[in-house]
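Beneath this line is the structure, given in structure tokens, with notes to follow.
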Amino acid sequence: MSADASKPPLLGTAREWTIDLSVAVVIGILLGLMGPFGSFFNDGPAVRVAYWVCSILFGTVVFGTLTRLGTAGARRLGTPDWAVLPPVILVGTVLLGAPLRLFAIAFWPGVVEAVPLTAWFGQCLAISTPLVVGAYFLRARQAGQASARPAVIPSLASTPSDATPSADTSNVLYLRMEDHYVRIRTEQGSRLEMGPLARVTAMLTGIEGLQTHRSWWVARRAIAGVVRDGRNLRLRLVDGETAPVSRASVAKLRAAGWLADDAE
């Protein structure tokens, strides 16, 4: 599966949101029928279902937005995507809890006395945590399964439609993860491919390069210099970008002679 040279949508595609919101409706219906946290005794099933569907839809929008923004920020900072889940859950619970409480009071005024504020936010946290974590890892697994298909990176082995197909990849400068895509930067420009970084790099032959970070692979000839920021190292690239160097990769790059000019 190929994409154009623009970045994938920061907040996700329409298809992703359609799936997320559809699943949210199903979960809301199930919760409405089960009536968790004492809601089973509040009115009939129709009212409960209406409340829970609206609540889960609202939560899906809040947590879906926060998770996408958080994972994008994590990749920019060079930290694992899953590291943003705890702060996303906590911030989302705060943002979600207050309006949902007002919503619940509109349905059932007795909630004010029956459920103290701390217990309310605890219930929001108890519901949000498994849903957010489950959705994150399910999406990550689906992305991994999709990227395992043989045709995941056809454009690495092809040129524009008006040219003769070629397997030459010598013009690749670097690869960079962006959400569930890999940006392939070449001398002519860049394009996106869906798939993990390891699968894309496995298709590169006849070009000297190393993986400098969990989300970056760099060709040696793309390096214009080395930038030190405290204890952190970055590679300055020929197109003006800088590639992070993980601490685990420093020894590997030194052994290859890439950091020979860098002072300890």
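The values are calculated or read from the model by the stated rules, or taken from the named source; none is laboratory data. In this text, all values refer to a predicted model and were calculated from it rather than measured experimentally. Cβ: placed from backbone, ideal geometry, glycine included. Neighbour counts: every protein chain shown. Heads up: the accessible areas ignore ligands, DNA and RNA and are worked out on the full protein's heavy atoms, side chains in. Shrake-Rupley method; radii C 1.70, N 1.55, O 1.52, S 1.80 Å.
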Exercise. Kindly sort Leu117, Leu210 by accessible area of their heavy atoms, largest first, with the probe set to 1.4 Å.
Key: Leu117, Leu210
Quiz item: With every protein chain present, what accessible area does Ile27 have (1.4 Å probe, heavy atoms only), rounded to the nearest 10 Å²?
Solution: 50
Quiz item: Under a 5 Å amide H to amide H cut-off, with H placed in plane at 1.01 Å, what residues pair with Val226 once short-range neighbours are removed?
Solution: Arg236
Practice problem: Work through the residues other than Ala243 whose Cβ is under 9 Å from its Cβ and net out their charges, Lys, Arg +1 and Asp, Glu -1. | Solution: +2
Quiz item: Cys124: accessible area at probe 1.4 Å, nearest 10 Å²?
Solution: 10
Self-check item: Where segment 198-264 is the region considered: accessible area per residue in Å², 1.4 Å probe
Solution: 56
Quiz item: In the full protein assembly as shown, how much of Arg185 is accessible to a 1.4 Å probe, in Å² to the nearest 10?
Solution: 50
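Counting other Cβ atoms within 10 Å, keep those with at most 12, restrict to DSSP loop, and tell me which chymotrypsin sites (Phe, Trp or Tyr not before Pro) in segment 24-132 are left.
Listed in order of number, the matching sites amount to none.
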